[in-house]
């Protein structure tokens, strides 16, 4: 029997990182024909995945950067390997979008769809989704989305739509006030109590049907890859000084944009936490 495992699945990065890692395992198993074993991770609860627990130690393979499928399959043609990596190259998945999306259909999705239909209406009013990430952001390439850029795009789009709706996904609900003019809805709209709070945001971003404004984050990028109805995807670019369009199936997951100050903060985690805490407290208090 041939096996592939990933001992760090569930601990190497947060939710979206885990999705890419699990997807890589499933695509590899499909290509090579191996059995999978995984540790416990969030997808077991949310999506019902049920691979057996890891029962064996296998040689480790660390996959860095842009290693392609041909090189990986040539290096490990027979499985029996424990993978480590982030696997955020969309080229791994673009040839079978249907399979990728099938991996991340939540249990009890019909209840989410019911709540979404009540929100958007039977005829499907245009919904714009915005992801504003704060908590662990604010340094290096993990920069916050300038709210002025979001407002600029919303002002351009809003009045031309027929009864538009706004969904705001955020890890800091003080941020909802930044867009209060548009009467935004958040994850608390959902009535089903089956998932972690962040997953409602993720699922909603995968369902918005007009525009998804992502952060420079794998969370909203992965949601964009699962979204089959949205016509426009935008995200912040510090070098362009605005939101720019992207295609979630051919674009890099994260833009390598930063500033000297953000790079400095990436090297000083204690200072970063203090600075961002004080800055956000002052900013949100003055709304």
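List of remarks:
- Between helix 15-32 and the chain: long-axis angle, C-alpha atoms, 0 to 90°, nearest 10: 30 degrees
- Relative counts (whole %) of C-alpha pair distances in region 163-209, using bins that are 10 Å wide: 25, 57, 17, 0
- Average projected area [Cα convex hull, region 109-285], square nanometres: 10.5 nm²
- In plain terms, the chain from residue 257 to residue 108 could stretch by 49.8 nm, reckoned as 0.36 nm per residue minus the Cα-Cα distance.
- Helical mean residue ellipticity (222 nm; -39500 (n - 2.57) per DSSP H run of 4+; nearest 500) of the chain: -10500 deg cm²/dmol
- Rounded, prolate or oblate (a/c below 1.5 giving rounded, otherwise prolate when a/b exceeds b/c) for region 3-102 by Cα gyration tensor: rounded
- Gained length - residue 151 relative to residue 57, 0.36 nm times residue gap less alpha-carbon distance: 28.7 nm
- Highest-MSF residue in the chain out of 184, 196, 252 [GNM, Cα springs under 10 Å]: 196
- Three-way shape call for region 244-287 based on the alpha-carbon gyration tensor, with the a/c threshold at 1.5: oblate
- Calculated FRET efficiency for the pair residue 136/residue 192, C-beta based, R₀ 25 Å, to 0.05: 0.40
- Principal-axis analysis of the Cα atoms of the chain puts helix 147-158 at an angle of about 80° to the longest axis.
- Helix 109-120 vs. the chain, principal-axis angle (Cα, 0 to 90°, nearest 10): 20 degrees
- Placing a label point 7 Å from the Cα of residue 50 along the Cα-to-Cβ direction, the residues of region 72-112 whose backbone N falls under 19 Å from that point are 102-110.
- Extension gain for the segment residue 285 to residue 247, taken as residue separation times 0.36 nm less the Cα-Cα distance, is 10.1 nm to one decimal.
- Computed over the chain: relative contact order in percent, which uses C-alpha pairs under 8 Å that are six or more apart: 17 percent
- Region 124-214: C-alpha gyration tensor shape, a/c 1.5 cut-off, then a/b vs b/c: oblate
The numbers here are math on the coordinates, done by the rules we state, and not lab data. Note that the coordinates shown come from a computational prediction; the quantities given were computed from them, not determined experimentally. Counting neighbours? That spans all protein chains shown, and the Cβs are built from the backbone with ideal geometry, glycine included.
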